[in-house]
Amino acid sequence: RRGWRRVVRVLEEVEDGCATTVGRLRQVVDAMAVEMHAGLASEGGSKLKMLLTYVHNLPTGNERGTYYALDLGGTNFRVLRIHLEGQRSAVIQHDLDRQPIPQNLMTSTSEELFDFIATSLKEFVEKEESLSETSQVKRRELGFTFSFPVKQTSSSSGNLIKWTKGFYVEDMVGRDVSECLQQAISRKGLDMRVAVLINDTVGTLALGHYHDEDTVAAVVFGTGTNACYLERTDAIIKCQGLLTTSGSTVVNMEWGNFWSSHLPRTSYDIDLDSDSPNPNDQGFEKMISGMYLGDIVRRVILQMSQESDVFGPVSSKLHVPFILRTPLMAAMHEDDSPNLKEVARILEDTLEISNVPRHIRKLVVKICDVVTHRAARLAAAGIVGILKKIGRDGSSGIRSMKTKSVSQNKMRRTVVAVEGSLYTNYTMFREYMNEAIGEILGDEIAPYVIIKVTEDGSGIGAAILAASHSSSS
Ligand code: ADP
């Protein structure tokens, strides 16, 4: 087949375009910290929104009682009931109920949507309480995880900025999300109070902190990506006068929208962005998250196919946006069979490209590797950027200190809670990210920074926050 050399050149260009040397990553770290400052200084001061969550206190592990959580963040919603017995005893009982939101309700009215949710909630409560031996205590309290952009007005209320992910309930935009739910709950005659309104990153941080009080930030790598962290209130210039007993508060960065000229960008990224429904938006997310990685790979294969014969005639499937999902990309990347059977199967089944010789299959694996390597390393730089902003990257003390003993006194154990299927299910992404954090921080500091996976923060974390914010505690 002709064009091998051209294909190699395309690959080399992609590799160059995606290069993330440690020097480059450090520039991204600095840019992240700078943008965080700017977003905290004034409303609209940065592409990072740096939204206040009004969650000033994270769970301690001493919470007690039975609480509910409702998680609405995509096509499913879930209801949980959790029993806490203090001493981080964890969660004795946690019952899940996952339900799809009927398609027609995703674009109906807020009353219809929330009546549907409240009805399921009521049925769940009645079922659980009839089965449960623990007697119902006081009033029922609910943690509501709503993973759409919200401008919070308190820890339990906030107005929807805009819908994403296929939802479009027009009359909800600008309205108080909790109030809509609370009214529907009342209409159904259920005695329950919305105690907190959060997003999935805040739930992850809460769950992380519940188990380990050194947890100061949380990041989600799933379909999208976002992060939140604990900030000192006096650093939030745009909200002067915000006083909290803890002296700190959780900030929702909406970091998917981060942008910096230091981000290594290729023509494939530029095309992906301009073909998207939200051009110039969510630039960081488009290089990192599960929704997009597979599509970057598709675009590179398409380019190679157009420039050569190595994939046979150009398959029409290569023109279909998002046809190559990230889990398939991961499966190709991690194919360890000697003949790369899995790569051949996916090329054939998904892209309708057959009889691909082994050295071309290896090339496809390499493309997946380059794209994920960049994504994971940029994610790492983002995390270190947060650490830098809050003085936990060692740069404010340790590097200028001469002796090790001083540095050890200065540096504190720092935990970052991480969740999302891209991180938990894609081994190469996970390994590259952790490796890069080590590289950026260096051997002296890296041991103090721990990346810890939590499970189900958007559900369990919300219930625990409901407990720590409950009116009865
Ligand atoms: P959410 O949709 O709420 O973000 P998840 O955290 O489960 O939920 O993330 C789902 C996304 O993770 C999928 O859209 C997909 O892009 C990515 N993903 C899921 N499984 C894998 C996998 N095995 N390898 C790579 N990415 C995956």
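The values are calculated or read from the model by the stated rules, or taken from the named source; none is laboratory data. Note that the structure is predicted; figures quoted are calculated from it, not measured. Don't worry about glycine lacking a Cβ; one is built from the backbone with ideal geometry, like all the others, and counts go over all protein chains shown. SASA here: full protein model, heavy atoms, side chains in, ligands and nucleic acids out. Shrake-Rupley method; radii C 1.70, N 1.55, O 1.52, S 1.80 Å.
Name every residue in region 417-473 that is among the small types (Gly, Ala, Ser), open to solvent by less than 40 Å² (accessible area, probe 1.4 Å) and within 16 Å of the ligand (Cβ to nearest atom), in order of residue number.
The answer is ALA417, GLY420, GLY457, SER458, GLY459, GLY461, ALA462.
Please specify each residue of region 322-332 satisfying the condition of being open to solvent by 20 Å² or more (accessible area, probe 1.4 Å), in a helix (DSSP H, G or I) and more than 8 Å from the ligand (Cβ to nearest atom).
Result: LEU328, single match.
Just to verify a result, which residue in region 162-181, among those that are of a type in the set (Ser, Thr, Tyr) and assigned to a loop (DSSP other than H, G, I, E, B), is nearest to the ligand (Cβ to nearest atom)?
Applying the filter and picking the extreme gives THR164.
Each row is one residue, and each column tells you yes or no for (1) modelled with pLDDT of 95 or more; (2) open to solvent by less than 10 Å² (accessible area, probe 1.4 Å).
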residue: VAL8; (1), (2): yes, no
residue: VAL14; (1), (2): yes, yes
residue: THR21; (1), (2): yes, no
residue: VAL28; (1), (2): yes, yes
residue: ALA31; (1), (2): yes, no
residue: GLU35; (1), (2): yes, no
residue: ASN62; (1), (2): no, no
residue: LEU72; (1), (2): no, yes
residue: LEU80; (1), (2): no, yes
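State whether one or more residues within region 207-222 are within 16 Å of the ligand (Cβ to nearest atom), under 22 Å from LYS389 (Cβ atoms) and either in contact with a Pro (Cβ under 6 Å, 6 or more places away or on another chain) or among the hydroxyl-bearing types (Ser, Thr, Tyr) (or both).
no
Could you identify the single residue in GLN103, GLN87, GLN99 that is within 16 Å of the ligand (Cβ to nearest atom), in the same structural domain as TYR168 (by TED's automatic domain parsing), open to solvent by 20 Å² or more (accessible area, probe 1.4 Å) and not aromatic (Phe, Trp, Tyr)?
GLN99
(1) open to solvent by less than 20 Å² (accessible area, probe 1.4 Å); (2) more than 16 Å from the ligand (Cβ to nearest atom); (3) free of Cβ contacts under 8 Å to residues at least 40 places away in the same chain; (4) of a type outside the set (S, T, N, Q): which one isn't true of ASP234, the others all being true?
(1)
Of the residues in region 181-198, how many are over 16 Å from ALA467 (Cα atoms) and open to solvent by 10 Å² or more (accessible area, probe 1.4 Å)?
Residues that pass the stated criteria total 8.
Wholly within region 367-460, which helices (runs of 4 or more DSSP H) include no fewer than the required count, namely at least 3 residues that are modelled with pLDDT under 95 and over 19 Å from MET36 (Cα atoms)?
Once the helices (runs of 4 or more DSSP H) in region 367-460 are filtered for at least 3 residues that are modelled with pLDDT under 95 and over 19 Å from MET36 (Cα atoms), what remains is 404-410.
Does VAL314 count as closer than 19 Å to ILE346 by Cβ, hydrophobic (A, V, I, L, M, F, W, C) and open to solvent by 60 Å² or more (accessible area, probe 1.4 Å)?
yes
Quick one: what pairs do we get from region 157-176, first residue open to solvent by 20 Å² or more (accessible area, probe 1.4 Å), second at pLDDT below 80 and not basic (Lys, Arg), C-beta under 6 Å, 6+ apart or different chains?
Pairs found: LYS165/GLY74.
Kindly establish whether VAL150 is modelled with pLDDT under 95, under 22 Å from THR225 (Cα atoms) and not small (Gly, Ala, Ser).
So VAL150 passes the test.
Can you tell me which of (1) within 16 Å of the ligand (Cβ to nearest atom); (2) open to solvent by 20 Å² or more (accessible area, probe 1.4 Å); (3) not basic (Lys, Arg) is the one LEU293 doesn't meet?
Result: LEU293 passes all but (2).
Which of the residues spanning region 358-376 are in contact (Cβ under 8 Å) with a residue 60 or more places away in the chain, more than 16 Å from ASP269 (Cα to Cα) and either outside the structural domain of GLU13 (by TED's automatic domain parsing) or not hydrophobic (A, V, I, L, M, F, W, C) (or both)?
Scanning region 358-376 gives a single hit, LYS366.
Away from the ligand (no atom under 16 Å from the Cβ) and either assigned to a helix (DSSP H, G or I) or at pLDDT 95 or above (or both), is that true of ALA344?
Yes: the conditions hold for ALA344.
Does VAL196 satisfy the condition of being within 16 Å of the ligand (Cβ to nearest atom) and of a type in the set (A, V, I, L, M)?
Answer is no for this residue.
What residue, of GLU334, GLU348, is among the acidic types (Asp, Glu) and in contact (Cβ under 8 Å) with a residue 24 or more places away in the chain?
GLU334
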